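Notes to accompany the following structure.
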Amino acid sequence: MTRIVSEQAQDGLGLSTVAAVVVAAGQGLRAGQPLPKQFATWRGKPVVRHSVEAFASAGISPILVVIPDGAEALAGEALRDIPGVQFTVGGETRQESVRLGLELLAGTAPDLVLIHDAARPIVPPAVIESLLATLRHYRGAIPVLPVVDSLAHVDRDDRGDVMGAKAQREDLRRVQTPQAFHFTDILAAHREWAGAATAGDDAQVAQAWGMDVAMTEGDEALHKLTFASDFAAPLPAVRVGTGYDVHRLSEGEELWLCGVKIAHTHGLAGHSDADVAIHALVDALLGAIGAGDIGQHFPPSDPQWKGAASHQFLSHAGTLVREAGYALGNADVTIVCEAPKIGPHREAMRNRLAEILDVDIAAISVKATTTEKLGFTGRREGIAAQAAVSLIRT
């Protein structure tokens, strides 16, 4: 059994042995996962593995994980290669599961034990250190956070729930895990609790046994995963996308660039109006939200898009961006051609793109370059465009 040594833990406790019980015996049905939430993947690894790794990194051993009946294979895969991990099957209630875990540890009788809910995957080292240090003076310690919202008791009438007396939030705290105890005390408390009402946590069991339980500072990172939304990947604050398109110049065609019609000897040929700049911008927007490309949304094989104005494509892409939870940060479009000159039309192009996307013109850049008469654009056979966009989470 590992001995935990730190300046704080030594004072008053001597060279103490510390074990952990991680409760992972529930079914986690509210989380909406295809398997119990403690074994579901969260941030790249099973939920239970996060906290077990935190305890192992703190030098705590053994780490006893209490699991559902029949979940041995799931638990073994989730926690493989972590030293000092043991398993036991839990009971009908959380309290019974903890007691069974403590009974199994009784053979080695650690000095101290941390009891933790696997559904709280992030366990900051500072919380562990603070709990163990507090056990210098108390038999039990729990991490807590202040209540910041206003609270009220609930009264009920024939219409439903109504606001009752105000609750004093200054006298209340949000309780978290892990919770720390002197091992022999918490084992005795759980043995005496057997058959009593359902226990909310181990501190309640300890207090009923007559133990003084100290409060230490918790951490918002100890958030409990409960609902399906807790498993949804958070949207990144910024996303970027790029697009590129080419169209052939042809006599007898209209020339549309960035939604602006330009008088020229040749126009761009394509299934729609062949606005190469808008097409590149549409691909950049779709790419930034992982929504494919312009051909998937407006296939050239579909006759309804023959000769269509490309502003429809851009408007559609802008709508998809908003539905994905983003707003345009900026768009940068580069048109590659020998002719016509883009400079005289640049501001009209910026205004038109800003109008279609419903953004400020400051978010739109349009510029042009040539290829020094090299390649198909240099030979005036076609026009190319590339676009880059940044999206900001709303």
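Summary of values
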item	result
Every residue from segment 208-244 that is free of Cβ contacts under 8 Å to residues at least 60 places away in the same chain and out of contact with any Phe, Trp or Tyr (no Cβ under 9 Å at 6 or more places or on another chain)	G210, S229, A232, A233, P234
Among the residues listed as R191, R159, R169, the single one being among the charged types (D, E, K, R), more than 36 Å from the chain's Cα centre (by Cα) and farther than 24 Å from H137 by Cα	R159
Any hit, segment 117-131, residues being more than 25 Å from A203 (Cα to Cα), at pLDDT below 95 and among the hydrophobic types (A, V, I, L, M, F, W, C)	no
Test: residue in segment 143-159 that is over 29 Å from I60 (Cβ atoms), of a type in the set (D, E) and either modelled with pLDDT of 95 or more or in contact with a helix residue (DSSP H, G or I) (Cβ under 8 Å, 6 or more places away or on another chain) (or both)	yes
Check on G287, at pLDDT 90 or above, in contact with a strand residue (DSSP E or B) (Cβ under 6 Å, 6 or more places away or on another chain), within 30 Å of I392 (Cα to Cα) and among the small types (G, A, S)	yes
Some residue of segment 118-133 being under 28 Å from the mean Cα position of the chain (by Cα), β-branched (V, I, T) and in a helix (DSSP H, G or I)	yes
Boolean, G218 is surrounded by fewer than 18 Cβ atoms within 10 Å (Cβ to Cβ) and assigned by TED's automatic domain parsing to the domain that holds V147	no
Single residue of segment 227-242 satisfying the filter (of a type in the set (G, A, S) and modelled with pLDDT of 80 or more) that is farthest from V276 (Cα to Cα)	A228
Those residues of segment 297-337 which are among the acidic types (D, E) and in contact with a strand residue (DSSP E or B) (Cβ under 9 Å, 6 or more places away or on another chain), in sequence order	D332
Candidate set: segment 251-261, residues that are in contact with a strand residue (DSSP E or B) (Cβ under 9 Å, 6 or more places away or on another chain) and at pLDDT 95 or above; chosen: the one surrounded by the fewest Cβ atoms within 10 Å (Cβ to Cβ)	K261
Criterion: surrounded by 15 or more Cβ atoms within 10 Å (Cβ to Cβ), in contact with a Ser or Thr (Cβ under 6 Å, 6 or more places away or on another chain), among the small types (G, A, S) and under 25 Å from A221 (Cα atoms) - qualifying residue of A78, A54, A25	A25
So A106, is it touching a residue at least 24 places away in the same chain (Cβ under 8 Å), of a type in the set (G, A, S) and surrounded by fewer than 21 Cβ atoms within 10 Å (Cβ to Cβ)	yes
Residues of segment 78-115 that turn out to be part of a strand (DSSP E or B) and either under 20 Å from E192 (Cα atoms) or touching a His at 6+ places or on another chain (Cβ under 8 Å) (or both), as a count	4
Hey, F227 among the aromatic types (F, W, Y) and over 20 Å from R174 (Cβ atoms) or not	no
Segment 155-173 residues that are over 29 Å from A203 (Cα atoms), paired with ones that are basic (K, R) (beta carbon under 8 Å, 6 or more apart)	V162/R156
Top-ranked residue of segment 174-202 - restricted to ones that are free of Cβ contacts under 8 Å to residues at least 60 places away in the same chain and part of a strand (DSSP E or B), ranked as surrounded by the fewest Cβ atoms within 10 Å (Cβ to Cβ)	R174
Residue list for segment 366-389, restricted to those being out of contact with any Leu (no Cβ under 8 Å at 6 or more places or on another chain) and within 20 Å of R322 (Cα to Cα)	A388
Test: G12 is at pLDDT 90 or above, in a loop (DSSP other than H, G, I, E, B) and under 23 Å from V113 (Cβ atoms)	no
Some residue of segment 366-388 being surrounded by fewer than 18 Cβ atoms within 10 Å (Cβ to Cβ), under 30 Å from L235 (Cα atoms) and small (G, A, S)	no
Qualifying positions in segment 346-361 - among the hydrophobic types (A, V, I, L, M, F, W, C) and in contact (Cβ under 8 Å) with a residue 12 or more places away in the chain	A348, M349, L353, I356, L357, V359
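The values are calculated or read from the model by the stated rules, or taken from the named source; none is laboratory data. This one's a predicted model, so the numbers in the text were calculated from it and none came from an experiment. Don't worry about glycine lacking a Cβ; one is built from the backbone with ideal geometry, like all the others, and counts go over all protein chains shown.
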